[in-house]
Each structure stands twice: as structure tokens, then as C-alpha cells.
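S.K.: Could you have a look at this structure, given as C-alpha cells, before my questions?
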């Protein structure tokens, strides 16, 4: 009687192992097909960027950027300036920091007079888009 139970237990265990092996093989070798749809979009550039002398600073303006999500509040801008169009630093004055989506102009106040270039970067979530560099503006 004990031998018979042992044989049944071994046989049942073997069947379970084979069953799990077949199920695993089917799972890992199955091939699926299907199709999907997705849309892509881009973040437009805040162009054109213009700069002109304004007192002892520079008035900078740019075109607004439409939000890919439709929520304009998700777009922000940062303004940078350069003396050589290759090394950029954050602008000051009302251009300092991150500017909200409704802002499309500001006035920079450089510490010293000279010729400056300006560039505006739009940001939407983790996306960024830089505008072309402005022409030079002489600040006194």
C-alpha cells in the first residue's frame, strides 16, 4: 500500500513538472502580432528673437510657443546672453530666471557695456527648443 502511494505521488509530481515545463515553453516561445497608433509632435522654436538697445540695457523679444498639450501654462522661457555667440550666461533684469508662458519680452541689464547676442529657450516638461541667436545689440 505504501509503495503504491509512493508511485502515485511520484507520477503526480512528474505530471505537474511536465505541465509546468510545457506552460513555460508556451509562454516564452509565443509570438504575438498587432498594430498600434501613436502621434508625435515637436516643440516649436521661440523665434524670431530680436534685441535692441534700451537705455543702459537691451530689450529682448521673441515669438510665443504653442504648448503641445494645449495648456499654455506648461511652456516657459529662459533668456541667455553672450559676447561671442558661443559662451552663454543667464540674462539679468526682467529677463532673469524662468519666465512664464505669457511673457514674450523682457529687458536685460548687463553689468558692463558692450556688444551682446541673445538667445531664448522654450521649455515644455522635459523638452527644450532654442531659438536662433539674435543679431548683436550694443549696450552702453
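S.K.: Go ahead and set up a Gaussian network model of the chain, Cα springs under 10 Å, then flag whichever of 94, 42, 33 fluctuates most.
M.R.: Largest GNM mean-square fluctuation: 33.
S.K.: May I pose another question? Find the relative contact order for the chain and round it to a whole percent, using C-alpha pairs within less than 8 Å whose residues are 6+ positions apart. Write down the numbers at each step before the final one.
M.R.: Numbers: 262 pairs, mean separation 36.4, N = 140.
Normalised by residue count, the contact order of the chain is 26 percent.
S.K.: Take the Cβ-Cβ distance between residue 127 and residue 87 as r, set R0 to 22 Å, and report the resulting FRET efficiency rounded to the nearest 0.05. Walk me through the intermediate numbers first.
M.R.: Working: r = 24 Å, r/R0 = 1.10.
Step by step, r from the Cβ atoms, then E = 0.35.
S.K.: Sticking with this one: When all alpha-carbon pairs of the range 1-46 are counted, what percent fall beyond 17 Å?
M.R.: Values: 683 of 1035 pairs.
Of the Cα pairs, 66 percent sit more than 17 Å apart.
S.K.: Which entry in [x] 149; [y] 121; [z] 219 is this structure's computed volume of the Cα convex hull per residue in Å³?
M.R.: The calculated read-out lines up with [z].
S.K.: A further question follows. Could you tell me how many degrees, from 0 to 90 and to the nearest 10, lie between the Cα long axis of helix 2-29 and the main elongation axis, the longest principal axis, of the Cα atoms of the chain?
M.R.: Approximately 30 degrees, to the nearest ten.
Every number in this text was worked out from the coordinates using simple rules, so none of it is lab data. Nothing here was measured: the structure is a model prediction, and the numbers come from that model. Positions of Cβ are backbone-derived with ideal geometry, glycine not excepted, and every protein chain shown enters the neighbour counts.
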